[in-house]
Amino acid sequence: MKAHHYRNVFVLVAFISSMLLIHGCGDKESKRGRNSGTSEQASAALATYVAPGDLDEYYLFYSGGHSGNIFVAGVPSMRHICTIPVFTPYPGTGYGFDEESKKMLGGFKWGDAHHPAFSETDGEYDGRWLFINDNANGRVARVDLRDFKTKQILKIPNLSGNHGATFVTENTEYVTSATRMSVPFPSGSYADVTDYADKYKGILVGIKVDPDDGTMAVGWEIVVPPFDYDLGDAGKGPSKDWMFWTCYNSEREFIEGGKLEVTASQKDKDFVVMVNWKEAEKAAASGKAKTVSGVKVLDPADFPGLAYYIPLAKSPHGVDVTPDGRWIIGSGKLSPTTTVFDFEKIQKAIESKDFTETIDGIPVINYASVREAEIPIGLGPLHTQFDGKGYAYTSLFIESAVAKWKLPPYEEGADMSQYVVEKIPVAYNIGHLCTAEGDSKSPDGNYLIALNKLSKGRHISVGPSIPEAAQLIDISGDNMKLLYDAFTEPEPHYAQMIKADKIKTIEVYKRDDPLSPKNPNAVWSKEETKIVRNGNKVEVWMIVVRSFIAPDVIRVKKGDHVTVHITNIEQTRDELHGFAINDYNINIVVDPGETKTTSFVADKAGVYAYYCTNFCSALHQEMQGYLLVKP
């Protein structure tokens, strides 16, 4: 990839040099178009330039927030490549219009996609699947990275506000989920908010993943106090059997009209909660677990050793595990410090029962016994990523900056401020950040993406609805360097970056591919196409190919239930076909070798054209037919 990246650099160097010479004497106040530049700007341009026809070194998968989608870009170019629809219908690919994807969506019209996570093998990204959570509707989805398509959406019972997801254990045994907004337990129960402290509950969830095909199922749920459970991480190496989440509102209060930002910030510390997922697995299989809403539910009071709390600066928003699995990093938004916990000390504290209290059956570990250091990182610390070279990078929301700091070991009694190596400003109000392979055991340490909530003034105006900003930062050297501003649709929360060569995509759905089982409704020739009536039900088996649709006439009666199975019989890369029926809200896109099904009621009499929506050949516009609906 790097050979591609630098192949035409000498041409670009000459171009930039000439542009700097030409424009260096121009209008110094101009901020539009090709402005005067510096050697530093030229260096940044070179670092992100990927020549036409060359390929990026990394994939970047952004969450799409309340768009419900995932956005895919290349790094270092930051060019948008595609959008993967997940929780929301997406006409561009026909997602949510065919019967298969409609069934997955389960009647929901949107989702709030937050935290993508790759499947892992021995703690390394393996390029098989990408998981992502729906914060609004208690769901987790799995995307198959062979074809960049959503293959499963799992609805999790008893869960409210699925924000503490999706973090993957070292060999993809489990994906995490957790309640952000506690509600009465189980799902559908009612209690007034005046009973919040006693009748509302949080839920921690382990989603079991089939190692062969990635199918997800709820493995177990743990009932916990009604705190607000937030982002987490899964352990690595020595901590690989553990899952970690942060939580706030340890005051366990919701006072109507009382402003949660005030009531949930009264204590000096909230918590990290840690769960031994192997113990949870044993407990779920022990016969002592309760079955609620069809899943195994565990009470920590009944299973000692299952879960523990560790105090953390108040209002934390994330906890991260270092690549070696020893150091657990947590930050409270309302404290200017990041806390480093030592997993070895945590294990010793558990063995010696060094606890300060117990909350609803969950012991609270002595903070002083497990804290390694408090690093004075800056204002509004949120999330931390790693470079594999002994440094961590923490986002500072209030400061609008990224802080680079050294991981342990530290000198005893040292001034912790000396370990904050550097800060770089970002524009503006950074939330998450992402480094290349930064959640794996072997981060690359090349690039960092700052996912900023505000971008005001960084682009030509598009009115009051302003996109978010993603800034590419070079972290390969001693100093961080801002390289590029990119702007994204609403609203990236988290992102993941993976080496491009780890993902092995297919080019077409091969007719006889054993990895893609034959669709029983697929037909592969005009002779196999047919229309069958059974009472008021009409079923059509159709093919699309350059440059015709067969059958090209479908005759039905008003009120008939119509089902159309469409097979794209192309076996050539990038030869997609579409199927749309005018005025019937039907919009299907079928990839080469794929079969999709659409169903509708013919409730409007008349003649309605159908056609291919994806340009495919010089005779593309001749790909049409007619739906005849007899009154």
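The values are calculated or read from the model by the stated rules, or taken from the named source; none is laboratory data. Predicted model, so just to flag it, every value in this text is computed and none were measured. Using ideal geometry, Cβ is built from the backbone for each residue, glycine included, and neighbour counts are taken over all protein chains shown. Each accessible area value is taken on the protein alone, full model and side chains, heavy atoms only, with ligands, DNA and RNA left out. Shrake-Rupley method; radii C 1.70, N 1.55, O 1.52, S 1.80 Å.
Within the range 191-219, residues that are touching a residue at least 60 places away in the same chain (Cβ under 8 Å) and more than 18 Å from W245 (Cα to Cα) reach partners that are in a loop (DSSP other than H, G, I, E, B) and open to solvent by 50 Å² or more (accessible area, probe 1.4 Å) with beta carbons closer than 6 Å, at six or more positions or on different chains, in the pairs V193/F254; V193/E256.
All of S417, S455 fail the test of being open to solvent by less than 40 Å² (accessible area, probe 1.4 Å) and not basic (K, R), apart from S455.
Whenever a residue of the range 78-98 is under 20 Å from G138 (Cα atoms), its partners that are in a strand (DSSP E or B) and open to solvent by 40 Å² or more (accessible area, probe 1.4 Å), lying with C-beta atoms within less than 8 angstrom and at least six residues away or across chains, give the pairs I84/K149; G96/Y90. Kindly indicate whether any position in the range 534-547 is exposed (fewer than 13 other Cβ atoms within 10 Å of the Cβ), part of a strand (DSSP E or B) and free of Cβ contacts under 8 Å to residues at least 24 places away in the same chain. Yes, that holds for at least one residue. The single condition among (1) farther than 30 Å from Y125 by Cβ; (2) of a type outside the set (K, R); (3) not in a strand (DSSP E or B) that L159 does not meet is (1). For L312, the conditions (1) in contact (Cβ under 8 Å) with a residue 40 or more places away in the chain; (2) assigned to a helix (DSSP H, G or I) are fulfilled apart from (2).
The condition of being under 28 Å from the mean Cα position of the chain (by Cα) and either surrounded by 24 or more Cβ atoms within 10 Å (Cβ to Cβ) or without any contact (Cβ under 8 Å) to a residue 12 or more places away in the chain (or both) holds for only one of V297, V321, that being V321.
Right, I398: hydrophobic (A, V, I, L, M, F, W, C), open to solvent by 40 Å² or more (accessible area, probe 1.4 Å), modelled with pLDDT of 95 or more and out of contact with any strand residue (DSSP E or B) (no Cβ under 6 Å at 6 or more places or on another chain) or not? Taking the combined requirement at face value, the residue satisfies it.
Within the range 245-259, restricting attention to residues that are open to solvent by 30 Å² or more (accessible area, probe 1.4 Å) and within 10 Å of F227 (Cβ to Cβ), which residue is nearest to the chain's Cα centre (by Cα)? Here the answer is Y248.
Scan the range 260-294 for residues that are outside any loop (DSSP other than H, G, I, E, B) and without any contact (Cβ under 8 Å) to a residue 24 or more places away in the chain and the total you get is 8.
Of all residues in the range 247-281, which are among the acidic types (D, E) and either at pLDDT below 90 or farther than 17 Å from I222 by Cα (or both)? E251, E253, E256, E261, D268, D270 - these are the residues of the range 247-281 that are among the acidic types (D, E) and either at pLDDT below 90 or farther than 17 Å from I222 by Cα (or both). Taking the range 168-183 as the search range and keeping residues that are open to solvent by 20 Å² or more (accessible area, probe 1.4 Å) and not acidic (D, E), which one is farthest from H66 (Cα to Cα)? The residue in question is N171. If you take the residues of the range 469-494 that are free of Cβ contacts under 8 Å to residues at least 40 places away in the same chain and out of contact with any Pro (no Cβ under 6 Å at 6 or more places or on another chain), which of them is farthest from C82 (Cα to Cα)? The selected residue is D478.
Do we find that F97 is within 21 Å of the chain's Cα centre (by Cα) and either outside the structural domain of S461 (by TED's automatic domain parsing) or open to solvent by less than 20 Å² (accessible area, probe 1.4 Å) (or both) in this structure? Judged against the criteria, F97 is not a match. Candidates in the range 68-94 are the residues that are farther than 26 Å from T597 by Cβ and assigned to a loop (DSSP other than H, G, I, E, B); of these, the one that is most open to solvent (accessible area, probe 1.4 Å) is R79.
Across the range 146-162, what is the number of residues that are in contact with a Lys or Arg (Cβ under 6 Å, 6 or more places away or on another chain) and open to solvent by less than 10 Å² (accessible area, probe 1.4 Å)? Number satisfying all stated conditions: 1.
Being assigned to a loop (DSSP other than H, G, I, E, B), small (G, A, S), more than 20 Å from the chain's Cα centre (by Cα) and within 24 Å of L46 (Cα to Cα) is a description that applies to G445. Against the list (1) in contact (Cβ under 8 Å) with a residue 24 or more places away in the chain; (2) charged (D, E, K, R); (3) farther than 21 Å from T322 by Cβ, the condition D415 fails is (1). Screening T394 with (1) outside any loop (DSSP other than H, G, I, E, B); (2) free of Cβ contacts under 8 Å to residues at least 40 places away in the same chain; (3) not hydrophobic (A, V, I, L, M, F, W, C) gives one miss only, at (2). Could you check, for the range 185-199, whether at least one of its residues is open to solvent by 10 Å² or more (accessible area, probe 1.4 Å), part of a strand (DSSP E or B) and modelled with pLDDT of 95 or more? So far as the range 185-199 goes, no, none of its residues is open to solvent by 10 Å² or more (accessible area, probe 1.4 Å), part of a strand (DSSP E or B) and modelled with pLDDT of 95 or more.
Scanning the range 48-65 for residues that are under 12 Å from the mean Cα position of the chain (by Cα) and either of a type outside the set (S, T, N, Q) or in the same structural domain as K453 (by TED's automatic domain parsing) (or both) gives L60, F61, Y62, G64, G65.
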